[in-house]
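The values are calculated or read from the model by the stated rules, or taken from the named source; none is laboratory data. Everything quoted here is computed from the prediction, not taken from an experiment. In this analysis, Cβ positions are derived from the backbone assuming ideal geometry, glycine residues included, and neighbour counts consider all displayed protein chains. We work out accessible area using only protein heavy atoms, side chains counted, and drop any ligands, DNA or RNA first. Shrake-Rupley method; radii C 1.70, N 1.55, O 1.52, S 1.80 Å.
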Amino acid sequence: MDHRPHYRTWIRSTRLAVFAALSIACLAGSALAPLSLWFLLFLVPFAVSGYIATILALTIHRFAPRGGDLQRRIHDLIVTRAGPATSGTALDVGCGSGSLVVKLARATPDNTVTGVDSWGRDWAYSKKLCEDNARLEGVSARTTFLKQSGAALEFADGSFDTVVSCLTFHEIGDLERKSDGMVEALRVLRPGGRYVFLDLFGDPAFYPSADHVRETIRGAGASIVEFDNLAGSLPLPFPLRHPKVLGHAMLIVGTKTGP
Ligand SMILES: C[S@@+](CC[C@H](N)C(=O)[O-])C[C@H]1O[C@@H](n2cnc3c(N)ncnc32)[C@H](O)[C@@H]1O
């Protein structure tokens, strides 16, 4: 039996395996050039897939403890921004491996923290992994993990004192607009409660504009205290500041003002 928690990085290892295998296959194809120079065309997909595989491998390294521990430091930043509001009840939308839930629970001695996730096949995360991690970290009595979609949370309005979410809203598939995930998360935050959202808010593939994000939050009855690029709060080493990695990541912090 393993006695260490496992949090795993945000990069799906199958993606790295696919691009690494593709680049090896293309390189092997180009080695057939003595038979026909046409085989040299394999060098084009080799260059593309090799570049992607290199970025993915370096990203995994940077997120992991030996490469700078950026994933843990990003979660620490969210807990710091949640501040004194970590007491009471807290919710993490898209809790993955339970890492942020555990950190929130360990930040104060008497809070209770709930993590929800759809736990699909894309990541090696599961409810059991979260529960094992919480037990190994000594916080299982104050943590709960539930399979729920961030698109339609099964909680009453204003159920939580704090709501956080990290790199999840853009992943929620069954939404008309990605920003609707924020609206749903803010719905279950009590008036006066604090939220901390980190997502790819600067990526036009997911959110039309920063103004759209601001208006959505205000429309959901919340104030904005902080709205900044992640790199403004935490220096991001290469390749994490790449636009396809965390270059578009933004941190938004505020308080629910309305009902
Ligand atoms: C990049 S991971 C981030 C995980 C976690 N927030 C963290 O910081 O370690 C994205 C997470 O979003 C979750 N997710 C995707 N669609 C979801 C949905 N509809 N509802 C809740 N979670 C979802 C995935 O299962 C995955 O755990």
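Brief remarks follow.
- Over 26 Å apart at the Cα level, from the set K127/K244; K103/K127; K128/K244, are K127/K244; K128/K244.
- Put simply, the amide H of G193, placed in the peptide plane, has neighbours under 5 Å in K256, leaving out anything fewer than 5 places away on its chain.
- Scaled against 2.2 N^0.38 Å for its residue count N, the alpha carbon radius of gyration of region 207-254 is 1.27.
- Per residue of the chain, the DSSP helices (runs of n ≥ 4 H) give a summed -39500 (n - 2.57) that works out to -11000 deg cm²/dmol at 222 nm.
- In Hz, Karplus ³J(HN,Hα) per residue of region 236-252 (6.51, -1.76, 1.60; θ = phi - 60°; x = Gly, Pro): 9, x, 4, x, 5, 7, 4, x, 7, 10, 10, x, 9, 6, 10, 10, 10
- Kirkwood Rh, Cα atoms: Rg over Rh of the chain: 1.04
- Relative contact order (percent, whole number), the chain, Cα cutoff 8 Å, 6+ residue spacing: 16 percent
- In the context of the full set of protein chains, residues of region 1-68 present 68 Å² of accessible surface per residue (probe radius 1.4 Å, heavy atoms only).
- The average projected area of region 51-182, computed from the convex hull of its Cα atoms over all directions, is 9.0 nm².
- For region 206-259, the share of accessible area belonging to carbon and sulfur comes to 54 percent (1.4 Å probe, ligands and nucleic acids excluded).
- Anchor K147: aspartates and glutamates whose Cα lies under 18 Å away (excluding residues fewer than 8 positions away in-chain): D92, D117, D122, E131, D132, E171, D174, E184
- Cα-based shape type of region 130-205, given that a ≥ b ≥ c are square roots of the gyration tensor eigenvalues and the cut on a/c is 1.5: prolate
- Within the chain, the selection of entire DSSP H helices by a Cα span of 24 Å or greater along the long axis and an average Kyte-Doolittle value of at least 0.5 returns 13-30, 43-63.
- Taking packing as the residue-averaged number of other Cβ atoms within 10 angstrom, the listed peptides 131-144, 162-175 run from highest to lowest as 162-175, 131-144.
- Mean separation of Cα contacts under 8 Å (6+ apart) over length of region 13-66, as relative contact order %: 37 percent
- Gyration tensor (alpha-carbon) shape descriptor, region 76-124, a/c threshold 1.5: prolate
- Å² per residue, accessible surface of region 69-255 at 1.4 Å: 41 Å²
- For region 13-66, a/c is not less than 1.5, where a ≥ b ≥ c are the root eigenvalues of the C-alpha gyration tensor, and a/b tops b/c. That puts it in the prolate class.
- In a simple Cβ point-charge model (Lys, Arg +1; Asp, Glu -1; nothing else charged), the chain has a dipole of about 560 debye relative to its Cα centre.
- Loop-resident sites, region 159-220, for trypsin sites (Lys or Arg not before Pro), counting at most 16 other Cβ within 10 Å (DSSP): R177
- With every protein chain in place, region 13-66: carbon and sulfur % of accessible area (1.4 Å): 79 percent
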